[in-house]
1. Specify the inter-centroid distance of the range 217-295 and the range 21-66, based on alpha-carbon positions, in whole Å.
2. Excluding C259 itself, calculate the net charge of residues whose Cβ lies under 12 Å from the Cβ of C259, where each Lys or Arg counts +1 and each Asp or Glu counts -1.
3. If you take the charge dipole of the range 205-300 about its Cα centre, with +1 on Lys and Arg Cβ and -1 on Asp and Glu Cβ, which of H296, V266, L216 is farthest toward its positive end?
4. For a protection proxy built on the mean count of beta-carbon atoms within 10 angstrom, sort 37-43, 83-89 highest first, please.
5. Quickly estimate the mean residue ellipticity at 222 nm for the chain, helices only: each DSSP H run with n ≥ 4 gives -39500 (n - 2.57), and the total goes over all residues, rounded to 500.
6. Work out the length of the dipole vector of the range 105-240 about its Cα centre, built from +1 on the beta-carbon of each Lys and Arg and -1 on the beta-carbon of each Asp and Glu, and round it to the nearest 20 debye.
7. Exceeding 25 Å between C-alpha atoms, which entries from my cross-link table qualify? They are K56/K243; K56/K280; K231/K273; K212/K273; K212/K295.
8. Take the alpha carbon gyration tensor of the range 187-272, find the square roots of its eigenvalues, order them as a ≥ b ≥ c, and report rounded if a/c is under 1.5; if not, report prolate when a/b exceeds b/c, else oblate.
Amino acid sequence: MQQNQQIQSTQIQYLIGVDGGGTGTRIVLTDRNGIELARGTAGPSGLMHGASAAWKAILSAIEQAFATSGIVAPAFQQIAIGCGLAGVNNKLWAAEFVAANPGFGMLFAETDAGTTLLGAHQGKPGAIIALGTGSVGEVMLADGSRREVGGWGFPSSDEASGAWMGLRAINHVQHVLDGRAAGDEFATAIIDFCGGNKDAVFAWLGGATQTKFAQLAPLVIQYAARNQKAKSILIEAGIEVEKMANALDPNCEMPIALCGGLADAVWNYLPEKLLQRVSKPIGDSSSGALILVRKHLMKS
């Protein structure tokens, strides 16, 4: 989604690429020529948290980046910003976000999957499967057309994501607390994280969001090496990744990059056949957002 721009592209002095997810925001600041100047981070800017919260996080990360670079931040009108955000495929959320533009000279909003795809293959054809708080797969064909798999949102989708792992970890805890499954150190660690007892788990669930479920994923990963239940969650995640890969590239012809904060953790649990097809991304979602901005600047 592109906001209607009145500013001349020659007035743009700085470019910003934003990777905004349900857990955190990462931005990269460059000069007009694409030379990286600094990076910044902040809290979540996925649009499920609302446009106001998204902009608050993005502006915080931008402020940090300019402070790190030692450059006095210019007027927003001199900045072109590309945002790859979770939730942009919800048209209402995307419209609210664009309408709340605090004054950037150029603003381009894309799904985080779209910018991850651009970054992973540097704008060339290929596929990505991104695993973070949520999950999604997307492929770009040689003709520029794109197709998405997954990304329906938590809890009905987001397979193999952090939130998906956390939900399964909590379900294991529920079985243990009920006596439907034997207790183990993995369940104990999850219970302790939630407050230490059954009542605390109930209270934690009462306020649980996608982001909070994803906060349990590190415990799943930590215990997988020595706990069968935790290991089974990651094995199941690997199977779900393979399903997405097969849907994106049924003929096994495209390069597939496994991306996102949980990619490395899931890598060792991928089915053997899939390991022969996947690779690491060349760039990340924020670099893909910069590619998006530069493409539009070249056209203007």
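1. 24 Å
2. -4
3. With unit charges placed on the Cβ atoms, the residue in question is H296.
4. Ranked by mean Cβ neighbours within 10 Å, highest first: 83-89, 37-43.
5. The per-residue figure over the chain is -13000 deg cm²/dmol.
6. It comes to approximately 180 debye.
7. Violating the 25 Å limit, Cα to Cα: K56/K243; K56/K280; K212/K273; K212/K295.
8. Since a/c reaches 1.5 and a/b is larger than b/c, the shape of the range 187-272 is classed as prolate.
No lab work stands behind these numbers, since they all come straight from the coordinates. Not measured: the values here are computed from a predicted model. Positions of Cβ are backbone-derived with ideal geometry, glycine not excepted, and every protein chain shown enters the neighbour counts.
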